[in-house]
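Derivation of every value follows stated rules applied to the coordinates shown; laboratory data play no part. Please read these numbers as outputs of a predicted model, since none were measured by experiment. Note that each Cβ is placed from the backbone with ideal geometry, even for glycine, and that neighbours are counted across all protein chains shown.
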Amino acid sequence: MHVAECETFVVGVPPPGFGGRYWVFLKLVTDTGVVGFGEVYSVPFHPQVVAQMIEDVVDRHVIGADPFRIERLWRIIYSSGYTQRPDTSILGILSGIEMACWDIIGKETGRPVYDLLGGRVREKLRSYTYLYPDPGEDTTVYSDPDLAAERAVAYVERGFTAVKFDPFGPYTALDPRQPSLEALDLSERFVRTLREAVGDRADLLFGTHGQMTPSGAIRLARRLEQYDPLWFEEPTPPEVPERMADVARATTIPIATGERLTTKYEFARVLQTGAASILQMALGRVGGLLEGKKIAGMAEAHHAVIAPHLYCGPIAAAADIHLSACSPNFLIQESILDWGGFHADILKRPLEWEDGYIIPPTEPGLGVELDVEVALNHPYEGELLHLEMNDE
C-alpha cells in the first residue's frame, strides 16, 4: 500500500465562527482506495498558501510512501529543507499528514486509532468549553463577569464540570506586559463571580494566552488563589519556559501550557524546567498523534497530566479524543461546546457528547468522516488569519 492522491480543503466557518475563522483539512487516498483525513492547525500564513504548502510537502515526501511507516515519514518531513527543529509551519502540515496516515492505518486494520496507540483506558472523556456568546449576542460575555457567570451556570446545567475564560484583555504583538490595576481587578472579579455562581459544581480554568511578564502573572495569581482555579493557562509567552517556571514556583494554582508548542523537544523543556504540570498539546500543530503520545509519556514520567488543546475543526478534535482515550494521565479535553453546529454539519456523523463527557468513537481509524460536499460549499473567502493579535 502507498499514498497515491491528496486533496486539500480550506473551509470558511459560518457564524458564529466558534473554532476559528476557517479550518484546513486534507484527504489522502491510497492506491487501494483507503481514505484518511487530517487537519492542519493555525499555520501563520493565509490558508490558501497553507494548502499549497501541504501539496508541496505531500508531492515531495508522501506520494508513493507507505502510510504505515509513520516514524520514518515523520523524520523525513521534519528534516525537509534542513530544518530539523520545532517550527509551527512545517509541524502543522506534518500533523495533518500524520493524522491522515493514522486514519488510513486504522481503517486498513479495522481498529480505532486509540487501539493502535496502547488501547483505551477510559470509556468517556471529561470535557470543558470556553464561555461563548449566544447567537446574536455581542462579545460582552468576555468582559462582563455577571453575564459570564450566567453563561457558566447554563453550561453546568447542560453537564459541563469545567469552564474556561480569559477576561484579562486582548492579546497583542507587544506582549508580555505588566498588567494594569484595572486588568487585575477585572480578572479577580471575574473569577470571584463565577466561583460564587457555580460553587463546587465546576472547575474554573483561567486562560491568559501568554500576555504577562512573570512578575505580572505572579501578582494576578496571588489574587486568584483563594478561588481555587484548576489551572492558570500560559501565564507568560511560550519562548522561555524558565520564566514560566518562576510563576509556577510562586503560586499554588497549577500551570497549564502547550497550545503554541511543537514536538517532544519543546515539551521536554517545559517538564525539565518545571514550567507546567498540565500539558496542552494541540494535535493539529504539535506533530500529530504519535508525537502527542510521546509527550504524554514524558509527562507521565514527570507526574504531569495532559489536557489537549482544541480551537479548530472536528478532525483535529477526533485526533485529540483518540490520544486522550489511550493516555493514563489524561485530565480533561477541550471541546467547542457540545460539538453541535458546524462541527456536526461538516461530518457525516458528528462527535458524541453526553452530560459533560465525550464518548470516543469505536469505528476504525479516527472514527469521523469529512462531508466533502459541505466542505466544498463553504470556501474561505476572507483575508484574516485563523487568529490575529492586536498591534498595540
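Charges only on Cβ, +1 for Lys and Arg, -1 for Asp and Glu: so what's the dipole of the chain about the Cα centre, in debye to the nearest 20?
It works out to roughly 1320 debye.
Looking at ALA152, ILE218, SER180, which one has the Cα that reaches farthest to the positive end of the dipole of region 119-220 (charges on Cβ: Lys, Arg +1; Asp, Glu -1)?
Value computed over the given set: ILE218.
Strictly greater than 22 Å: what percent of every Cα pair in region 246-392 meets that?
Of the Cα pairs, 46 percent sit more than 22 Å apart.
Given the options ARG60, ARG151, ARG219, state which has the largest fluctuation in a GNM of the chain using a 10 Å cut-off (strictly under) for Cα springs.
Most flexible of the set in this elastic network: ARG60.
Under 17 Å Cα-Cα from LYS294, which aspartates and glutamates qualify once same-chain neighbours fewer than 8 residues away are excluded?
Counting by Cα, and skipping residues close in sequence, LYS294 has these aspartates and glutamates nearby: GLU71, GLU98, ASP115, GLU259, GLU266, ASP320.
Once Lys and Arg get +1 and Asp and Glu get -1 on their Cβ, which of ILE97, GLY17, LEU73 lies farthest toward the positive end of the dipole of region 3-110?
Towards the positive end, the residue furthest out is GLY17.
If you take every residue apart from VAL121 with its C-beta less than 14 Å away from the C-beta of VAL121, what net charge results, scoring Lys and Arg +1 and Asp and Glu -1? Could you put the intermediate results ahead of the total?
On the way: positive: ARG120, ARG122, LYS124, ARG126, LYS293; negative: ASP115, GLU123, GLU300.
With Lys, Arg at +1 and Asp, Glu at -1, the net is +2.
Specify the residue with the greatest mean-square fluctuation among PRO86, PRO133, PRO170, computed from a Gaussian network of the chain linking alpha-carbon atoms under 10 Å apart.
PRO170
Calculated from DSSP H runs of 4 or more alone, at -39500 (n - 2.57) each and per residue, what is the 222 nm mean residue ellipticity of the chain, nearest 500? Walk me through the numbers on the way to the answer.
Working: 13 runs with 144 residues, N = 392.
Helix contribution divided over all residues of the chain: -11000 deg cm²/dmol.
Would you kindly calculate the mean projected area, averaged across all directions, of the convex hull enclosing the Cα atoms of the chain, in square nanometres?
The orientation-averaged projected area of the Cα hull of the chain comes to 17.5 nm².
Using Cα pairs closer than 8 Å and at least 6 residues apart in sequence, work out the relative contact order for the chain, in percent. Don't skip to the end; give the middle numbers.
Values: 846 pairs, mean separation 86.2, N = 392.
Result for the chain is 22 percent.
Tell me, rounded to the nearest percent, the portion of alpha carbon pairs in region 289-350 spaced more than 16 Å apart. Mind dumping the intermediate values first?
Details: 855 of 1891 pairs.
The answer is 45 percent, as a whole percent.
Sticking to Cα atoms, compute the Rg of region 70-196 to one decimal and its Dmax as the biggest Cα-Cα distance, whole number, in Å.
Taking only Cα atoms of region 70-196, I get Rg and Dmax of 21.4, 58 Å.
Where the centroid of each part is defined by its Cα atoms, how far is region 143-162 from region 172-250 in Å?
Going from one Cα centre to the other spans 19 Å.
Give or take rounding to whole Å, what are the principal axis extents of the alpha carbon atoms in region 114-169, in descending order?
Principal-axis extents of region 114-169 (Cα, largest first): 44, 25, 20 Å.
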